[in-house]
Amino acid sequence: RVHAVDPVHVFAVSGKNVFWTPNSLQWEVTEATIDDVSFATVYFINSTTGWIGGGKREEITEEDPWTGDEVVVGYNYLPKGIVMKTTDGGKNFVPLVVGANEYFRHLTFIDQNIGYAVAGNNDQEIYIKRTTDGGKSWVDQELPAAPPDLEWMHLSRIVFTTPFQGWAAGAVGWPDSDIENMGNKAVILKTVDGGVSW
């Protein structure tokens, strides 16, 4: 994942590493010190203040019928979520949430305090969560029911353009459908009241 505050201040996460550029010409790297987690999302509200999120995931592999090699076909997202914050442009991160039941897939913030996340694990639905204390605590947002004849909603991204207006995107699935059917029915949710209703 990558997030640009402006043409100079760009941030990215991959595995345990956070990458940041002080001048848009070269990259520095900060390695997280928390064991067994990887980062899936990064969001900065300015050049110094930002958050990263993720958790623990295990690779799901299958044998390639043509080559016989084991290949990654998906991930098992475990209930060991994490959110960390920096106030020095990515050089150092402080843990805010460690060991949450949800894997934090995507983060967005409106200001220093109010933010939203798409989070969940393989044993539960994917939720939209909201924080009003800068990421220290998160509350589930009530989501609409899946459309008729569809059983589950799998959200993967969230964005806000104002404190009230935002969107979340993902896919919906049929009963007993598996990961191969994900994406056949896209879903976009919209809120105009800051996530109170979608």
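Things worth noting here:
- Residue check for TRP66: open to solvent by 70 Å² or more (accessible area, probe 1.4 Å), farther than 19 Å from ALA12 by Cα and of a type in the set (Phe, Trp, Tyr): yes
- Output for segment 28-61, where each listed residue is surrounded by 11 or more Cβ atoms within 10 Å (Cβ to Cβ), acidic (Asp, Glu) and either at pLDDT 85 or above or not in a strand (DSSP E or B) (or both): GLU28, ASP36
- Taking segment 109-162 as the region of interest, the strands (runs of 3 or more DSSP E) fully inside it that hold 2 or more residues being more than 15 Å from VAL42 (Cα to Cα), touching a strand residue (DSSP E or B) at 6+ places or on another chain (Cβ under 6 Å) and modelled with pLDDT of 90 or more are 127-131.
- Total residues in segment 172-198, condition modelled with pLDDT of 80 or more and either open to solvent by less than 90 Å² (accessible area, probe 1.4 Å) or among the hydrophobic types (A, V, I, L, M, F, W, C) (or both): 12
- Within segment 79-95, the residues that satisfy the criterion of being touching a strand residue (DSSP E or B) at 6+ places or on another chain (Cβ under 9 Å) and closer than 17 Å to PHE11 by Cβ are ILE82, VAL83, MET84, LYS85, THR86, THR87, GLY89, GLY90, LYS91, ASN92, PHE93, VAL94.
- Enumeration of residues in segment 102-120 that are more than 9 Å from the chain's Cα centre (by Cα), of a type outside the set (A, V, I, L, M, F, W, C) and either closer than 8 Å to ILE158 by Cβ or open to solvent by 30 Å² or more (accessible area, probe 1.4 Å) (or both): ASP111, GLN112, ASN113, TYR116
- Of the residues making up segment 37-87, those that are of a type in the set (Phe, Trp, Tyr) and in contact with a Ser or Thr (Cβ under 6 Å, 6 or more places away or on another chain) number 1.
- Candidate set from segment 62-85 (those that are part of a strand (DSSP E or B) and within 26 Å of GLN112 (Cα to Cα)); member that is farthest from the chain's Cα centre (by Cα): LYS85
- Exactly one residue out of VAL29, VAL5, VAL13 is under 19 Å from ALA119 (Cβ atoms) and out of contact with any Leu (no Cβ under 7 Å at 6 or more places or on another chain): that is VAL13.
- Boolean, SER14 is over 15 Å from GLY90 (Cα atoms), under 17 Å from the mean Cα position of the chain (by Cα) and modelled with pLDDT of 85 or more: no
The values are calculated or read from the model by the stated rules, or taken from the named source; none is laboratory data. All values derive from a computational prediction rather than experimental measurement. Backbone-built Cβ (ideal geometry, glycine too); neighbour counts: all protein chains shown. Just so you know, the surface numbers come from the protein's heavy atoms only, side chains and all, with ligands and any DNA or RNA stripped out. Shrake-Rupley method; radii C 1.70, N 1.55, O 1.52, S 1.80 Å.
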